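Participant: So that we are looking at the same thing, I have put the structure below in C-alpha cells.
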C-alpha cells in the first residue's frame, strides 16, 4: 500500500510510521509541519528506508496538500496532524482551531478532490482515517466506559477542536460518500513522547532531581495505551474498518495520575537507586482548569470486529518506557534544553 501519514513526525504519528515502514512494508509519505512537538529524530530508524518519504507541509495549505497527494497517489490517508496538548490549548486556543478544525477541513477537501478523480476500481479501495481522542466525550463518573455512541461533551479548547474535526470527517462521509473511518483513543504513552506530557515529564524531572508536578490531588483517572499497540490498531482500522464507523482504542489500563507518578518513581528507584526515593520529589500543584475526572474506553468493537488486542499491560509498557528514556538521552536532551524545559503550562492569569 501507499499511505500518507499527516503528523507523522509527532509522537503517535512516528510510532505509526515506524510500524508501517518497518513492519508492514507500506510505502509511506509523511506530511508534517514540524512544529515544536514534531521532530524527524523520531523517525531515525526508518528515515533511510526506500519506502519512506517526507514532505514539510502545513495541513492548512490546501495547494501544497493537493500537489503532494496527486504526486504520491496514495491508497490511504491517515490523518494524525493536530495540536494535542490540553494545557497549551488553555492559553493558546487559536493554534488548535486553525490546525485541528481548519486544517482537517483543508485536508478533507484535498483528499476528496483526489478521490473523486480516481478510476472506479481504485476509488473503491481508497480509505481516509481520521485519528482522534477520547477527550471528545468529556468526563466519566466513577462507573461506565466511553462507547462509540457516547454523546460528545468536550471540556477544553483542545477536545472541542478535536470534536469539531470528528464531525467534519463523518460529515464528509455522509454528504460526499468519502470512504472515511474515525478512531478515538485513550491516553498514549511510550518511547518518543514529547517531554511536556505527564509520563515523560515525570521521568525526566525525576532523573534531574526536579519537582514532580501532580495536578490537584492526583485523583484524575486515565486509561493508558502503549503507543505501539495503538499503531497496530490504526493500521487495522484504516484497512479493515467499516466505512463511516468509529472505533474506540483503549488499553483497559485505568490508573489514577498519582498512581502513575508513584509507579514511575518506583521504577526510577530500581533503575537509578542512587537517587532513591524519588517519591520525595512529588509536588502537588493547582489543578488544571476544566480537568476531566475520568476517561475509560470500551474497545470491544475494535476487539470483536477486527481482532485487535493490546499486547502491553500498563506494568510492562511503563517499565519499557522508563528504560527507553534512560537509554535515549540523545533524543530527548535537545528538546528538553531548547524547546521545553519542564515549566508549567496552561496557567490562567488575570487580565
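Participant: How big is D for segment 238-287, in µm² s⁻¹ as a whole number, if Stokes-Einstein is applied with the Kirkwood radius of its Cα pairs at 20 °C and 1.002 mPa s?
Facilitator: Approximately 151 µm²/s, per Stokes-Einstein.
Participant: So if the hydrodynamic radius of segment 199-351 is defined as the Kirkwood radius over C-alpha pairs, what does Stokes-Einstein give as its diffusion coefficient at 37 °C and 0.692 mPa s, in µm² per second?
Facilitator: 189
Participant: Can you sort 21, 5 from fewest to most other Cβ atoms within 10 Å of each residue's own Cβ?
Facilitator: Going from sparsest to densest Cβ surroundings: 21, 5.
Participant: Same structure, new question: Please determine, in degrees from 0 to 90 and to the nearest 10, the orientation of helix 198-207 with respect to the longest principal axis defined by the Cα atoms of the chain, where the helix direction is its Cα long axis.
Facilitator: In the chain, helix 198-207 runs at an angle near 40 degrees to the longest axis.
Participant: Could you state the number of Å between the C-alpha centres of segment 1-52 and segment 128-187?
Facilitator: A separation of 24 Å, based on Cα centres.
Participant: If neighbour count is taken as other Cβ atoms inside 10 Å, put 79, 19 in order from fewest to most.
Facilitator: The fewest-first ordering by Cβ neighbours comes to 19, 79.
Participant: Relative contact order of segment 134-287: what whole-number percent is it, with Cα pairs under 8 angstrom and at least 6 residues apart?
Facilitator: Answer for segment 134-287 is 27 percent.
Participant: How do 162, 301, 240, 246 line up, fewest other C-beta atoms within 10 Å first?
Facilitator: Neighbour counts put them in this order, fewest first: 240, 301, 246, 162.
Participant: Still on this model: Between residue 274 and residue 45, how high is the FRET efficiency from 1/(1 + (r/R0)^6) when r is the Cβ-Cβ distance and R₀ = 35 Å? Nearest 0.05.
Facilitator: After rounding to 0.05, the efficiency reads 0.70.
Participant: Running Debye on segment 72-121 with equal point scatterers at the Cα sites and no solvent, what base-10 log of I(q)/I(0) appears at q = 0.23, 0.25, 0.27 Å⁻¹?
Facilitator: With no solvent term, the Cα-only Debye profile gives -0.84, -0.93, -1.01.
Participant: I want to check the label-to-label distance for residue 311 and residue 55. Put each point 7 Å from Cα in the C-beta direction and report it in nm to one decimal.
Facilitator: Taking the two extended label points, one gets 3.1 nm.
Participant: A further question on this structure: If you consider only alpha-carbon coordinates, what radius of gyration and Dmax does segment 50-147 have, in Å?
Facilitator: 16.6, 51
Participant: How are the alpha carbon pair distances in the chain distributed across 10 Å bins from zero to the largest one, expressed in percent?
Facilitator: Going from the shortest bin to the longest, the percentages are 5, 25, 36, 24, 8, 1, 0.
Participant: When Rg is the radius of gyration of the Cα atoms in segment 2-71 and Rh is its Kirkwood radius, what does Rg/Rh come to? Before the final figure, lay out the partial values.
Facilitator: Working: Rg = 11.2 Å, Rh = 11.9 Å.
Answer for segment 2-71: 0.95.
Participant: Under the rule of -39500 (n - 2.57) per DSSP H run of 4 or more residues, summed and divided by the residues of the chain, what mean residue ellipticity at 222 nm is obtained, to the nearest 500 deg cm²/dmol?
Facilitator: -12000 deg cm²/dmol
Participant: Can you give the percent of C-alpha pairs in segment 259-325 whose distance is more than 21 Å?
Facilitator: 49
Participant: Given a cut-off of 19 Å, what percent of all Cα-Cα pairs of segment 142-272 lie beyond it?
Facilitator: I get 60 percent for the Cα pairs in segment 142-272 exceeding 19 Å.
Participant: Which angle from 0 to 90°, rounded to the nearest 10, does the C-alpha axis of helix 314-327 make with the longest principal axis of the chain?
Facilitator: The helix 314-327 is inclined about 80 degrees to the chain.
Participant: At q = 0.17, 0.23, 0.28, 0.32 Å⁻¹, what log₁₀ I(q)/I(0) does a Debye calculation on the Cα points of segment 189-230 give, no solvent, two decimals?
Facilitator: Calculated log10 I(q)/I(0) at the listed q: -0.54, -0.89, -1.07, -1.13.
Any read-out appearing in this document is the output of simple, stated calculations on the displayed coordinates, not a laboratory observation. The structure displayed is predicted, hence computed values, not measured ones. For neighbour counting, all protein chains shown are included, and Cβ atoms are generated from backbone atoms with ideal geometry for every residue, glycine included.
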